[in-house]
Amino acid sequence: MAGHAVRALVGAPTDPDTLVAGALDGLFRSHDAGKSWELITPAHDPELRNFDSLAVDPRNPEIIYAGTFHLPWKSTDGGQDWVAIHDGMIDDSDVLSLAVNPSNPEEIFASACSGIYRSDDAGLHWKQIQGIPDSSKRTLVIRFDPANPGTLYAGTTDGLWKSTTGGDHWRRASASDWVINSLLLLPAIDESGSFRVLLGTEQQGVLIGEGMSGKFEPANDGFEHRRIVSLTLDRENPGRMGAVLANASDPIVTTDDAGETWSPLGSGLASASVRRLYSTPMAGGRPSRLADLRGWMRTVADGSALGSLSNAARSARRPSQIRRFDAQIRRQQSSGLQ
């Protein structure tokens, strides 16, 4: 991945070792948790470039959906062949986000500059969703509620929107002047079963709300900058999350207590370069101990090299709670996981 500006990354739900990365110049896939990568789109293709969003079928890792600056694409054979899937979608639509229903892979949602679309036949046909005002059509992220796939959240430039009818009807779930750059749904932390919604916003920082109440509170203890460009959740330890801050001296902060307090992940990162942060599961069933991680961290974006965080730099953190964070990189170090 050296020299490639990566803008999207996704893991296969059925195989933690399989990752797909979308770059400005093509799609790449790894079968060894990021140690090595192969190009899976034709080199110098005029259409299969400038990837902004990705999704992998929840049951079949060979089925990949990719959104570009122009159209969505699909491969059913792991990237050997690609077909444009845009029937019903306004041409020249920058596909910002893709979401596949975890319980029904035939149902897919795509957000584009022309609105939100739903497909009920795995991308063969699309229908534009009504109900969200035009001012909200810049939907930067769509998420299914993992506990109830009939419920969706859309983070837009006009606040957070929620549907409990599979996208047929929507209602506003936040203030209208919030710009939602990132969105996480956190599992229940007690027997009540009430989940939480974590928002990364343009001006309000991190906001946490109870899924049922719709009320949000700031969760910015530990950092000053309020523009959050990315959030990620450690699925093996839902209390641990990471956030990317724009224009901050410490651009990546993490929390081990579900957002109550945050602290810098480590030094050596260029604040102007970090774009997004990703978390992947531990591969091969390896225990999540600091000694096993070899300090492996890859960060990201817009293409500059950000370095690697050493074990020494991480030794002050709680070893039992540290996980491997993946992020986009332009120049990848040659070491990787051992």
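Points to keep in mind about this one:
- Evaluation of Lys35 against (1) at pLDDT below 90; (2) buried (at least 19 other Cβ atoms within 10 Å of the Cβ) (one fails), failing number: (2)
- Scanning the range 97-108 for residues that are surrounded by 20 or more Cβ atoms within 10 Å (Cβ to Cβ) and either closer than 21 Å to Glu47 by Cα or in contact (Cβ under 8 Å) with a residue 60 or more places away in the chain (or both) yields Ser97, Leu98.
- Subset of the range 228-251 [basic (Lys, Arg) and over 13 Å from the mean Cα position of the chain (by Cα)]: Arg240
- Residues satisfying the stated conditions in the range 4-18, i.e. hydroxyl-bearing (Ser, Thr, Tyr) and assigned to a strand (DSSP E or B): Thr18
- Applying a threshold of 7 Å to beta carbon distances and a minimum spacing of six or more residues, or different chains, the list of pairs starting in the range 205-219 at a residue that is at pLDDT below 90 and ending at one that is in a loop (DSSP other than H, G, I, E, B) reads Gly209/Lys215; Glu210/Ser194; Gly211/Ser194; Gly211/Phe195; Met212/Ser194; Gly214/Ala173.
- Residue match in the range 118-129 (condition: within 16 Å of Asp168 (Cβ to Cβ), modelled with pLDDT of 95 or more and among the aromatic types (Phe, Trp, Tyr)): yes
- From the options Pro46, Pro13, Pro61, residue that is without any contact (Cβ under 8 Å) to a residue 12 or more places away in the chain and surrounded by fewer than 20 Cβ atoms within 10 Å (Cβ to Cβ): Pro46
- Every residue from the range 50-75 that is closer than 24 Å to Ser114 by Cβ, of a type outside the set (S, T, N, Q), part of a loop (DSSP other than H, G, I, E, B) and touching a strand residue (DSSP E or B) at 6+ places or on another chain (Cβ under 6 Å): Leu71
The values are calculated or read from the model by the stated rules, or taken from the named source; none is laboratory data. Remember, predicted model here, so these are calculated numbers, not experimental data. Ideal geometry is used to build each Cβ from the backbone, glycine not excepted, and the neighbour counts take in all protein chains shown.
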